[in-house]
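Notes follow the structure.
The values are calculated or read from the model by the stated rules, or taken from the named source; none is laboratory data. Note that the structure is predicted; figures quoted are calculated from it, not measured. With ideal geometry, Cβ positions are generated from the backbone for all residues, glycine too; neighbour counts draw on all protein chains shown.
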Amino acid sequence: RGRGMGQPWANALAGAAARGDVERVRELLDQRADPNAVNVCGRTPIQVMMLGSTKVAELLLQSGADPNRPDPSTGSLPVHDAARGGFLDTLVALHRGGARLDLRDGWGRLPVDLAVESGQQQVVRYLRAQPGRNVAPPQ
């Protein structure tokens, strides 16, 4: 079996990611499920993952998930969702995994804008502390 398995795999991986089921995500990735395959809603596992599950984010990123693919309906990225919700650990994992912090959502907002709007001060501090106004992920 190779990467790119069909939609049932995509639905299973997206479902496990959404539930924060670390072991099932690991199992499906070990079986070569594609971390960038879209589910029936047109979203990838990293777009629908449980934001409080940093380990799920890390597993998906280590398997090649694209953290910069916008949601097909909102233009939001996982970092926008993490910033809005105050999930600092997940946001840091996404950033370390290649997520850009300088991309705007469908309404023209950056992750830092959403963190400010939502009162997520720890996230705001992290985002504002990034060199180059959040352009490149840390190495």
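Before moving on, here are some points about what is shown:
- Scan of region 1-32 for residues that are modelled with pLDDT under 95 and either in contact with a strand residue (DSSP E or B) (Cβ under 6 Å, 6 or more places away or on another chain) or buried (at least 17 other Cβ atoms within 10 Å of the Cβ) (or both), ordered by number: Met5, Trp9, Ala10
- Candidate set from region 26-52 (those that are assigned to a helix (DSSP H, G or I), among the hydrophobic types (A, V, I, L, M, F, W, C) and within 14 Å of the chain's Cα centre (by Cα)); member that is nearest to His95 (Cα to Cα): Ile46
- Test: residue in region 88-95 that is in contact with a helix residue (DSSP H, G or I) (Cβ under 6 Å, 6 or more places away or on another chain), outside the structural domain of Gly20 (by TED's automatic domain parsing), surrounded by fewer than 23 Cβ atoms within 10 Å (Cβ to Cβ) and not hydrophobic (A, V, I, L, M, F, W, C): yes
- Within region 74-98, tally of residues that are within 8 Å of the chain's Cα centre (by Cα) and part of a loop (DSSP other than H, G, I, E, B): 1
- Among the residues listed as Gln121, Gln130, the single one being in contact (Cβ under 8 Å) with a residue 24 or more places away in the chain, over 30 Å from Asp30 (Cβ atoms), over 15 Å from the mean Cα position of the chain (by Cα) and outside the structural domain of Gln31 (by TED's automatic domain parsing): Gln130
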